[in-house]
Amino acid sequence: MASSVREFYKEKNVLLTGGTGFMGKVLIEKLLYSIPDIGNIYVLMRPKRGKSVKQRLDEMLRLQLFDRIRNERPGVLKKVKALQGDVLFDNFGLSDSDIENLSKEISILFHFAATLKLEAPLKDNVDMNTCGTLRTVNIAKRLKNLLAFIHLSTAFCYPDYEILDEKMHAPPVKPEDVMSLVQWMDDKQLALITPSLLGPHPNCYTFSKRLAENIIEQAFDDLPATIVRPSIVCPSYSEPLPGWVDSLNGPVGVMLGAGKGVIRSMLCDGSLTAQVIPVDTAINAIIAVGMLEGTRTEKPLVIPIYNANIGHQKPTTWGEVLQIGKDYGRKYPLAWPLWYPNGDITTNETLHYFRRIFYHLVPAYTIDFLLMLLGQKRFMVRIQNRISQGLEVLQYFTMRPWVFPCPNFDNIQEKLEGEERKIFNIDLTAVDRVKYLEDCVEGGRIFCFKEDPTKIPYNRTYHNFLYILDWIVKILFWLFILSLLAAWFEPVRDLFSIGEPVIKHLPFLGRAVFDKRM
C-alpha cells in the first residue's frame, strides 16, 4: 500500500547533523515547506567566526533559499532549533541532560555532516567523516524513540567496483584501525602511509566515507539505520528555486570557472554519462526513505541501501553538459571574465598538460607579475593552484565510466501516495535538460557570484572585446612560433618566402624569413 510521507513526519522531531551544508539547508527548507505539521528540527551547529549558533541560524534562515517559507508559512521557521555541538567531539560536546532530553524527543536522525574537501589530508577526512559517524552512531543508540537513522554517503565510495549495486562491500582496512592511527600518528607519518592505505581510492574523502559505511553496517543490529548514496549533487531542479546552489563544487564550478575564463582545459571523457542528481531530487528521496524505513514492521536482514542517481533516467554525457554550459555562457556571459571563455575538454593527458601551461599558468604568472609591478597583492597563481587541485580530484570521476544500479531508489516513487509523488518527486525522465543546465549557470551567477542579471548586455560588450583580443593573441602567438621555426630551419624559410607579398608584413614571421635570407 502507498504510504503518506506527511503523515509519518507529522509532529515528529528531527535531529540533523550537517544542517548548514548545501544539502542540509535544502532538507530543512523542504521539510518545513512540504510538511508544515512536522515537529521541531534540531540542527547541530557550532559557533563560527565569532557568531553564536543562534546568530548563525538566523543568518541562514534569511537566505533567499527560505523566501517561499517566509512569504507563505513564516510561522514554521520557529520550529528550527539550533543545537550547539560538533560531530568532532564525543557526545557532540553535549551534556548528559541535553542528550537525555533529545532521547525522549527525536524520532528521525539525518546524519549529513562531512567534510567535502576531496583534497584534504587523511586525518581531517577520517576525523570528520569516519569518527564523526561513529560519534553520531553512539548518540543514536541513546535515542529511545528513534524510528529512522539516515546516513548520507556517496555513490563513489567503492572505486574498485565497476558496478556498485545497492549493497555493502567490505572496506580494505578496519575503520577502528584507521581511526586509531590518526589519533597517535603525526601529519608527516600519516602522509607517508596514506597511499598504501587508500589503495584504489583516488582521495581520502571516498576512503573515509567507505569506512563510515562499515561503521553504520556494524551498528545496524542496534539501530534502524539506512544508507543513501547520492551521485554528484548539483544545483536544484525546481525547489525551492531553480538552479539554487551555494558553492562552486562539482560540474557547476567547472562551467562557471570556464565562463570566467580561468578554466580552459580539463581531462574529461565527453562520451561518458554524467552521473549527477539535482539537490532537491536527492532530498525528496531522502525524506521519502525516512518514511519508508521508519514505517517498516519487520527489520530487514541486511541494511537498506539506496543509490540516489538519475543518470539512467535521462542519460546526458559530460560533453553535452559542458557544451550546453558553454553555449549558454556565450549568449549570456558572466561579468568580467579573466579571458575569453573558450575552454575545452580532452582525454589526452599530454595535450591537457600543455594547455594548462599556456592557458592557466602563463597567464597567471603574467598577471601576478603585473600586480607586483603595480604594488598590488598577487593572487592569480594561488587561485590557479587551487583550481588545479580541484580539477585533479574531479577529473578522476570524469575519466572513467560509473554504473550505479538503483532499483531501491527507482521504486520509491511507486510507494508514495498519488499527490506525494509530485510533492516528493524523484522522476526526471521528462525534464528539459537544456533548461536545467542553463538554470545551473544562472544559479551560480546569482547565488555564488552575486552578479546582477540585468547587466548581461554590458557583459556581452566586454565578452565581444575579449573575443577579438583572444584571436589577436592567438595569431601573434602562432606567428611567433612559426618565426622560431623559420629562424632555425631553412626549408621553412623557403616555404614561407613563396608568400612574400603577405608574409613580409606579418609580425615576427616576416622578419624571421626575409632578414635571414638577406
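The values are calculated or read from the model by the stated rules, or taken from the named source; none is laboratory data. Owing to the predicted nature of the structure, the values given are computational and were not obtained by experimental measurement. Note that each Cβ is placed from the backbone with ideal geometry, even for glycine, and that neighbours are counted across all protein chains shown. The accessibility values were calculated without ligands, DNA or RNA, using every heavy atom of the protein model including side chains. Shrake-Rupley method; radii C 1.70, N 1.55, O 1.52, S 1.80 Å.
Got a number for the accessible area of Ser497? Probe 1.4 Å, square angstrom, nearest 10.
My reading of the accessible area for Ser497 is about 20 Å².
In degrees, nearest 10, range 0 to 90: what is the angle between the Cα axis of helix 96-105 and the longest Cα principal axis of the chain?
80 degrees
What's the magnitude of the charge dipole for region 456-514 around its Cα centre, counting Lys and Arg as +1 and Asp and Glu as -1 at the beta-carbon? Answer in Debye, nearest 20.
The calculation lands at about 200 debye.
Which value, in Å² rounded to 10, gives the accessible area of Phe89 with a 1.4 Å probe and all protein chains present?
Ignoring ligands and nucleic acids, Phe89 comes out at about 120 Å².
Order 435-443, 79-87, 53-61 from most to least packed using the mean count of other Cβ atoms within 10 Å.
Output ranking for 435-443, 79-87, 53-61: 435-443, 79-87, 53-61.
How much of the calculated P(r) for region 385-502 lies past 22 Å, in percent of all Cα pairs?
Pairs farther apart than 22 Å: 72 percent.
Normalising by the residue count of region 456-514, find the relative contact order in percent from Cα pairs under 8 Å and 6+ residues apart.
Normalised by residue count, the contact order of region 456-514 is 33 percent.
Tell me which GluC sites (Glu not before Pro) from region 129-222 have a DSSP coil assignment and no more than 14 other beta carbons within 10 Å of their own.
Passing both the DSSP loop test and the Cβ count: Glu162.
Out of the chymotrypsin sites (Phe, Trp or Tyr not before Pro) in region 358-407, which ones are loop residues according to DSSP with at most 12 other C-beta atoms within 10 Å?
Filter output for region 358-407: Phe379.
How large is the Rg to Rh ratio of region 456-514 when both quantities use alpha carbon positions and Rh follows Kirkwood?
Using only Cα positions, Rg/Rh for region 456-514 is 1.23.
Using only the Cα atoms of region 302-442, construct the convex hull and provide its projected area averaged over every direction, in square nanometres to one decimal.
The number I arrive at for region 302-442 is 12.6 nm².
Using 25 Å as the Cα-Cα cut-off, could you pick out the over-long pairs in Lys104/Lys209; Lys30/Lys81; Lys54/Lys104?
Going by Cα-Cα distance, Lys104/Lys209 fall outside the 25 Å limit.
Using the Cβ atoms and a cut-off under 9 Å, what net charge is assigned to the surroundings of Ile283, where Lys and Arg are +1 and Asp and Glu are -1?
Combined, the nearby Lys, Arg, Asp and Glu give -2.
Roughly how many Å² of Ser97 are accessible to a 1.4 Å probe, to the nearest 10?
Rounded to the nearest 10, the figure is 70 Å².
Tell me the carbon and sulfur percent of the accessible area for the chain, rounded to whole percent, probe radius 1.4 Å.
Answer for the chain is 56 percent, counting heavy atoms of protein chains only.
Rank Glu420, Glu239 by accessible area, highest first, at a 1.4 Å probe radius?
Most to least solvent-accessible, the answer reads Glu239, Glu420.
Say a paramagnetic label sat at a point 7 Å from the Cα of Glu419, along Cα to Cβ; which residues of region 1-32 have their backbone N under 20 Å from it?
Residues passing the 20 Å test: 1-12, 30-32.
So for region 57-214, considering every pair of alpha-carbon atoms, how many percent are separated by more than 29 Å?
32 percent
Roll a 1.4 Å probe over the protein chains and send me the accessible area per residue for the chain in Å².
48 Å²
Take the alpha carbon gyration tensor of region 16-111, find the square roots of its eigenvalues, order them as a ≥ b ≥ c, and report rounded if a/c is under 1.5; if not, report prolate when a/b exceeds b/c, else oblate.
Oblate is the answer for region 16-111, as a/c is 1.5 or above yet b/c matches or exceeds a/b.
Quick one: the Cα spread of region 327-388 along its three principal axes, in angstroms, biggest first?
Principal extents (Cα only, largest first): 38, 32, 16 Å.
Among Cys448, Asn40, Val87, whose Cα sits farthest toward the positive end of the charge dipole of the chain (+1 at Cβ of Lys/Arg, -1 at Cβ of Asp/Glu, about the Cα centre)?
Cys448
Mind scanning Lys174/Lys422; Lys25/Lys326; Lys260/Lys435; Lys141/Lys415 and naming the pairs with a C-alpha gap bigger than 31 Å?
Lys174/Lys422
Might you report the magnitude of the Cβ-based charge dipole of the chain about its Cα centre, with Lys and Arg at +1 and Asp and Glu at -1, to the nearest 20 debye?
1680 debye
Counting each pair of different Cα atoms once, what's the Kirkwood radius of region 214-373 in Å, rounded to one decimal?
Result for region 214-373, one decimal place: 18.8 Å.
Search the structure for amide H atoms under 5 Å from the amide H of Thr317, placed 1.01 Å from N in the peptide plane, and list their residues when 5 or more places away or on another chain.
Here the answer is Ala274, since their amide H atoms fall under 5 Å of that of Thr317.
Could you check the simple spin-label distance between Leu361 and Leu374, using points 7 Å along Cα→Cβ, in nm with one decimal?
The modelled label-to-label distance comes out at 2.5 nm.
Over the Cα atoms of region 164-274, how large are the radius of gyration and the largest Cα-Cα distance (Dmax), in Å?
Expressed in Å, the Cα Rg and Dmax of region 164-274 come to 18.5, 52.
Let me know the volume per residue of the alpha-carbon convex hull for the chain, in Å³.
Given the Cα convex hull of the chain, per-residue volume reads 189 Å³.
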